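Okay, structure first, notes after.
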Amino acid sequence: MTGMQARGWWRQEARATVALAYPLVLTNLAQALIPSTDVVLLGWAGPQTLAAGALGVNLYNACMIFGVGVMIAASPMMARALGQRSHNVRDVRRTVRQSLWAAVALVIPIWLLLWHAEGLLLLFRQEPVLARQAAQLVRPMMIGMLPLFVYQVLKSFVSALERPGWAFAVGAFAVVSNGLLNYALIFGRFGLPALGLFGAGLGSTISNSIMALGLAIVVTRHKRFRRYHLFGNFWKADWPRFAQVWRLGFPIAVTLGMEVTIFNAAVFLMGMIGEPELAAHAVAIQIASLCFMVPLGIGQATTVRVGLAYGRRDRIGVARAGWAAFGVTMVFMVCSATLMLAAPRFLVGLFMDVHNPVNAHVVHLAAAFLTVAALFQIVDGAQAVGAGMLRGIHDTTVPMAFAALGYWVIGFGTAILFAFHFGWGGVGVWIGLAAGLATAAVLMMTRWSRREKLGLI
């Protein structure tokens, strides 16, 4: 192959990755906007309602993200099957059905746990009044977790077939519906009763149900998907495939859970340092989280592209899919890092009034946090896409260990050391987060680089 042909192949793979990734990025943003919309609307109801809502949403998200991790296993499994044979209908259908079985099996203990949300929050020494109010949000909201898991499985299905735009279209409609429903149910508009926190939870459950039902209609009616007959013989057991979903999905769930909980722990550390640091962290982490949606979406697309090549036993295709995605991710993360370094006050100003003297200290802290965030943009993108690359070749257990070491041993330990021992405060916490992400990124990319020597493909 000539150099020109090789460059053509790389450009083609990069274009295919971007085409698959951008609807997934938008879909991730849409999914994130549903609980975020709840928090914004609850803020209009008053500071106490907002505080209770934030507690409830954080507890809900911790369980939800773990469950989504298990559902993500469907994506590399289906991609591999389609790589082996492009019309592998039966194998794809088995994975979808047993992933849905896994969703039901997982959501039942989660429901039992969240039913006792008030008691859980009291164990974490939260205010009794806030804990009781948070439970009013969580109890109706937790019912919507099952349709959300169903939506996630079906999103993996349409993504494996490289048609993720349908998931975004359904998700975007649900975001708009969620905003209107929650506004009506929280404040009693459009002839509906004012249900406050309970109404917010109910509205989110309805919105998640709309997403699941909408995508279910698409996959059963659209000619590209309906030949898979995903819901036929749904009650037929397939224990080997069910076990395979859990073997691949459980480590993904634990990995995502450790990543989320380290950022939750950072909030706890900020609260120990001071209220201005906590407020500044809330602003900076929102900006960093929005930027993270891009490498997260690229990582999901990479899992599919690598998985298709893995199924074909195409080692060159596996390498090309992985490294092309890595290159695309690095380009974006360099741009986002440059923006954070060049215009931190502008970014902070999207969330608060930077000209109000009352906010001066918080604005200064948030800008300082964004400087550190700019430095870890590269490693954050690398660990996100690196995890996606390894999932494409069904490698999830060792990356789980990498996440534990990186996030909790290195990251949390460094955060405590710099924040409290060296007295760097909130900046020290962010340095710890950067150190944890960098460790995970280096370990995952090293493993990817040595995948053939390790016998992973």
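A short reminder: the numbers here are calculations on the coordinates, not readings from a lab. Since the structure is predicted, the reported quantities are computational estimates derived from the model, not experimental observations. For neighbour counting, all protein chains shown are included, and Cβ atoms are generated from backbone atoms with ideal geometry for every residue, glycine included.
What does the extension gain come out to for ARG15 and PHE124, with contour length at 0.36 nm per residue minus their alpha carbon separation?
34.5 nm
Karplus couplings for region 441-457 from phi (6.51 cos²θ - 1.76 cosθ + 1.60, θ = phi - 60°), rounded to Hz, Gly and Pro as x?
Along region 441-457, the couplings run 5, 4, 5, 5, 6, 5, 5, 4, 5, 9, 4, 6, 5, 7, x, 7, 9 Hz.
Starting at the first residue of region 394-408, write each ³J(HN,Hα) from the Karplus equation 6.51 cos²θ - 1.76 cosθ + 1.60 with θ = phi - 60°, in whole Hz, x for Gly and Pro.
Going residue by residue, I get 6, 10, 10, 6, 5, x, 4, 5, 4, 5, 4, 5, x, 6, 9 Hz, with x marking Gly and Pro.
In the chain, with Lys and Arg counted as +1 and Asp and Glu as -1 at Cβ, which of these residues, GLY307, LEU256, LEU112, has the Cα nearest the positive end of the dipole, that is, farthest along it?
In the chain, that residue is GLY307.
Taking the simple approach of a point 7 Å from Cα along Cα-to-Cβ for both ILE316 and LEU454, what is their distance in nm?
Here the modelled spin labels are 2.5 nm apart.
What does the charge dipole of region 112-205 about its Cα centre add up to, to the nearest 20 debye, if the Cβ of each Lys and Arg holds +1 and the Cβ of each Asp and Glu holds -1?
60 debye
Can you tell me which of 222-235, 297-310 comes out highest on packing, and rank the rest after it, using the mean Cβ neighbours within 10 Å?
The most tightly packed comes first, giving 297-310, 222-235.
Can you tell me the FRET efficiency between HIS355 and GLU275 if r is taken as the Cβ-Cβ distance and R0 is 22 Å, rounded to the nearest 0.05?
0.60
Kirkwood Rh and Cα-based Rg: tell me the resulting Rg over Rh for region 252-457, rounded to two decimals.
1.03
For a quick protection proxy, order the peptides 207-220, 141-154, 81-94, 362-375 by their average other-Cβ count within 10 Å, most packed first.
141-154, 362-375, 207-220, 81-94
Which ³J(HN,Hα) values, rounded to whole Hz and listed in residue order, are derived for region 267-280 from phi using the Karplus coefficients 6.51, -1.76 and 1.60 in 6.51 cos²θ - 1.76 cosθ + 1.60 with θ = phi - 60°, glycine and proline given as x?
4, 4, 5, 4, x, 6, 7, x, 5, x, 4, 5, 5, 5
To the nearest 20 debye, what charge dipole does region 261-395 have about its Cα centre, counting +1 at the Cβ of each Lys and Arg and -1 at the Cβ of each Asp and Glu?
With Lys and Arg at +1 and Asp and Glu at -1, about 740 debye.
Highest mean first, what order results for 55-66, 257-268 on Cβ atoms within 10 Å?
Descending packing order for the listed peptides: 55-66, 257-268.
Cut-off is 10 Å between beta-carbons; in what order do PHE198, PHE402 appear when sorted fewest neighbours first?
If I rank by nearby Cβ atoms, fewest first, I get PHE198, PHE402.
Contact order normalised by length for region 252-457, with contacts defined as Cα pairs under 8 Å and 6 or more residues apart; what percent is it?
28 percent
Please report the relative contact order for region 20-237, taking Cα pairs under 8 Å with a sequence separation of at least 6, and give it as a percent rounded to a whole number.
28 percent
So, in Å, what gap is there between the alpha-carbon centers of region 256-315 and region 144-174?
So the separation of the two Cα centres works out to 20 Å.
Exposure proxy check: VAL25, VAL129 ranked by fewest other beta carbons within 10 Å?
VAL129, VAL25
Hey, got a sec? Which chymotrypsin sites (Phe, Trp or Tyr not before Pro) in region 101-132 land in a DSSP loop and have at most 10 other Cβ atoms within 10 Å?
For chymotrypsin sites (Phe, Trp or Tyr not before Pro) across region 101-132 that sit outside H, G, I, E and B with at most 10 neighbouring Cβ atoms in 10 Å, the list reads PHE124.
Mean residue ellipticity at 222 nm from the helices of the chain, using -39,500 (n - 2.57) per DSSP H segment of n ≥ 4 over the full residue count, to the nearest 500 deg cm²/dmol?
It comes out at -28000 deg cm²/dmol, rounded to the nearest 500.
Could you point to the residue in MET141, VAL245, PHE190 farthest towards the positive end of the chain's charge dipole, with +1 and -1 charges on the Cβ of Lys/Arg and Asp/Glu respectively?
It is VAL245, whose Cα lies furthest towards the positive end.
At a 10 Å Cβ-Cβ cut-off, how would you order LEU180, LEU339, fewest neighbours first?
Fewest to most other Cβ atoms nearby, the residues stand as LEU180, LEU339.
Can you figure out the FRET efficiency of LEU192 with TRP111, using R₀ = 30 Å and their beta-carbon distance, to the nearest 0.05?
0.75
Relative to the compact globular guide of 2.2 N^0.38 Å, what is the alpha carbon radius of gyration of region 20-237, as a ratio?
With N residues counted in region 20-237, Rg over 2.2 N^0.38 Å equals 1.07.
Could you check the spin-label model distance between ARG221 and ALA172? Points 7 Å from the Cα along Cα→Cβ, value in nm.
1.8 nm
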